[in-house]
Each structure stands twice: as C-alpha cells, then as structure tokens.
Amino acid sequence: MRLILLFTLGVLTGSLGAQTYPTKPVRVIVPYPAGSTPDIIGRTLAERLQKALGQPFVVENRSGAGGNIGAEAVAKAPADGYTLLVAGNGPVVINKHLYKGLGYDPERELAPISLLASAPQMLVVRPELGTVDFKAFMEYARRQPGKLSYASVGGGSASHLTMELLKRDAGLALVHVPYRGFPPAVTDMLAGNIDAMFAIIPAVLPQIKAGKVTPLAVTALQRTSMAPEVPSIAELGMPQLESLAWNGFLAPAGTPASVISRLSGETTRGMRTVETREALGKLGFDVVAGTPEEFARWMRVESQKWALVIRASGATAD
C-alpha cells in the first residue's frame, strides 16, 4: 500500500509540476548574434511561449566559437527548464566532429524539445561560366579539376560541407574559399572572383532575380516556393545531397519529462500558426516543429551524415 501511495504521489507531483511550470522568467540562449536568422527564430518562439505560458521568455545572445559558447552554457545549466537553447546544425550536431576538445557533448548533455524550422540551400554560379543547368556545371567542373573556386561562410558551415558532399559524390575538385558571412561571398561572386557556392536562398534571391547569378539546384527533395523554377536535388538524381539549414529547441539533459513535454506541445502549437509560418517563410524557412522523439532521430541522422563528410574532406574548425 505504501508503495502505491508513493507512486501515486510521484505521478501527481509530476503532473502538478507540468501544470505550474514556469513560475519565473525563462532564459532562451541563442548562440549567434542579434539579428541573425536563429535569433529571429528564437525571438519568434519566445514570444509565442510567453503568451502561452504566462512568464517572460527572455532571449540572450551568447555568440562565439561557432555557437559552442552558448550551447555549452545551456548544457552545463541546471536541468530545471529555466535555461533553454535555440540553435542550428553547428553546435547541435556538426561541431562535435570539427572541434577538438569540445567542452560539452550535445548528444549526452542536451535534451531535444522540438525541431523548429528548416531551409534548403541553393547552388548558384556566376553567369560567365556559361553553365545554364546543373548537368552543364558538373561537366564543366570535371573538365577543369582544381581550377574552379567555391565560397562558404566558414569551415564546417553548411555551405562548406554541402559542397564537400557534392565534391565527394560527383567526383569534383574545387578550391574552397571561406568568408565570414554571405554578403562578402556574394560580393566577390559578383566581382568574378568566386565561381560557385551553396547559399541560403534569401542571401542570393535578389541577385538571381537581377540575372547576376545563375541558380542550378535546391538542396531539398522538393522545389521551393521562393524559386519554383529551380529544380530540386532529388529531381537531378542526387537525393543524398539533401542539405537543410535548421534550428531546434533544446534543454539541459535531465530536465523533467513533464517540462519537456509541455514545452514541446506549446512550441508545436505556436510555431504552426499561420502568422509564424508566414513570418519565417519570408526568411526562406519552413516550420517543421514536432515531438522530442522526432527531433532526437533527426539529430542522430544528421550527426552521422556530416561526420562522414567531415572525415572524408578533412574539414576542421577555423
């Protein structure tokens, strides 16, 4: 009887904790600068959760080391649901394969709450190459091994690793030129100094519309509404090149399951509103909020995929 009472009390206590959480302001750490896409997604989410749960969700930008500083701060925080993380591919699944002596283990020290939003990249080239489609670019690049250059926003970034994946699977030899952000990379492509790059679509859409760069493929299994005329990588016969920039919502490992469940449910409801979908759609992102289990599976698949690419390319953190 005593065991039954203790079990019942535990269930009731857990249920009560989920119902009363949160009882004070919640910190949402974004490990990137203010104004960045993850920051915008994080602030959008914080606003939705604040309305739903009745406590302030305060975004704190803690950038540096490829997102590792902010992610580590959450990984080492008390597992009580009052310090949370909104972060993308890098600090969640990629950086552990790039950095030596990473100060946290994202698989063991961070608990997934929900995937939030994802966006494909687009392969663009300078028009002077005369390669009007994906096949033509592949043939052109194979004829000139080591002579064409490609830009990225840094070693280990999605723009870098996606091209390394293409190089590996298509047998290409291109020269990597890293930049700090898309604006300088696009500027150098317009000046004729860079031949190709994978970029998030909003970063190059104005140049595409002006005819200053040529779009060849979208790294998704379906075409995107932002540029419906550009074929998907699946249509081109290389579905393994699917590469999405994404952001997710996480807590310190050990956070009570009741708190994770409540945050996940409210996150899904808030992210799937028409208002949120439209706002993030303007940034090129699709809302993909779901369960913690779905996000955990996604993280495992992404980690395994990019670990292979990083090892094959020899990529390291800058």
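Label separation (E294 vs L308): 2.5 nm, computed from points 7 Å beyond Cα along the C-beta direction.
Simple rule: put +1 on each Lys or Arg Cβ and -1 on each Asp or Glu Cβ in the chain, find the dipole, and look at L263, S114, L166; the Cα lying farthest toward the positive end is L263.
Quick one: dipole size for region 247-307, taken about the Cα centre, charges +1 on Lys/Arg Cβ and -1 on Asp/Glu Cβ, in debye to the nearest 20.
On the way: 8 positive and 7 negative charges, 14 e Å.
Here region 247-307 has a charge dipole of around 60 debye.
Hey, what angle do you get for helix 37-53 against the long axis of the chain, alpha-carbon based, 0 to 90 degrees rounded to 10? Computed tilt is about 20 degrees. Lysine pair count for the chain with Cα-Cα distance under 14 Å and sequence separation of 8 or more or different chains is 4. For L115, the residues whose amide H sits under 5 Å from its own are F249, G290, F295, ignoring neighbours fewer than 5 places away on the same chain, with H placed 1.01 Å from N.
Sort S225, S261 by accessible area with a 1.4 Å probe, largest first. Can you show the working numbers first?
Working: S225 110, S261 75 Å².
I get S225, S261, largest accessible area first.
Element breakdown for region 179-300 at a 1.4 angstrom probe: carbon and sulfur atoms account for 54% of the accessible area.
Give the calculated FRET efficiency between L283 and V175 to the nearest 0.05, with a Förster radius of 22 Å applied to their Cβ-Cβ distance. Let's see the in-between values first.
On the way: r = 30 Å, r/R0 = 1.37.
The value I calculate is 0.15.
Considering only DSSP states other than H, G, I, E and B, which trypsin sites (Lys or Arg not before Pro) in region 36-142 qualify as loop sites with at most 11 other Cβ atoms within 10 Å?
Details: sites: R43, R48, K51, R62, K76, K96, K100, R108, K135, R142; in loops: R62, K76, K100.
Those satisfying the criteria are K100.
A dipole drawn for region 170-315 from +1 and -1 charges on Cβ atoms has a positive end, and of G290, L236, A251 the residue lying farthest that way is A251.
The magnitude of the dipole of region 159-318, with charges of +1 and -1 set on the Cβ of Lys/Arg and Asp/Glu and taken from the Cα centre, is near 140 debye.
Treating r as the C-beta distance of K209 and V301 and R0 as 51 Å, the FRET efficiency rounds to 0.90. When the surface is traced with a 1.4 Å probe over the full set of protein chains, V204 keeps roughly 0 Å² accessible.
Taken along the Cα-to-beta-carbon direction at a fixed 7 Å, the label points for T20 and S261 span 1.8 nm.
Nearest 20 debye, what's the magnitude of the dipole of the chain about its Cα centre given +1 on Lys and Arg Cβ and -1 on Asp and Glu Cβ? The partial results should precede the final answer.
Numbers: 31 positive and 26 negative charges, 54 e Å.
Magnitude of the dipole: close to 260 debye.
Length gained on full extension, L129 to K51: 22.9 nm, using 0.36 nm per residue less the C-alpha separation. The figure for H160 is an accessible area of roughly 10 square angstrom, using a 1.4 Å probe on the protein chains alone. Residue ranking by accessible heavy-atom surface, 1.4 Å probe, largest first, among T273, T187, T267 comes out as T187, T273, T267.
Using r as the Cβ-Cβ distance of Q222 and K76, and R0 as 41 Å, what FRET efficiency do you calculate, to the nearest 0.05? Efficiency computed from Cβ-Cβ geometry: 0.55.
Solvent exposure of E139, expressed as accessible area, is near 80 Å², computed with a probe of 1.4 Å over the protein chains only.
When shorter helices are ignored and each DSSP H run of at least 4 residues is given -39500 (n - 2.57), the per-residue value for the chain at 222 nm works out to -13500 deg cm²/dmol. Of the residues D286, D80, the one with the largest accessible area comes first in the ranking D286, D80, computed with a 1.4 Å probe on protein heavy atoms.
Averaged over its residues, the chain has an accessible area of 45 Å² per residue, based on protein heavy atoms and a 1.4 Å probe.
The values are calculated or read from the model by the stated rules, or taken from the named source; none is laboratory data. From a predicted model like this one, the values you see are computed outputs, not experimental measurements. A quick note on method: Cβ atoms are made from the backbone with ideal geometry, for glycine too, and the neighbour counts reach across all protein chains shown. Protein only, heavy atoms only, side chains kept; ligands, DNA and RNA dropped before computing areas. Shrake-Rupley method; radii C 1.70, N 1.55, O 1.52, S 1.80 Å.
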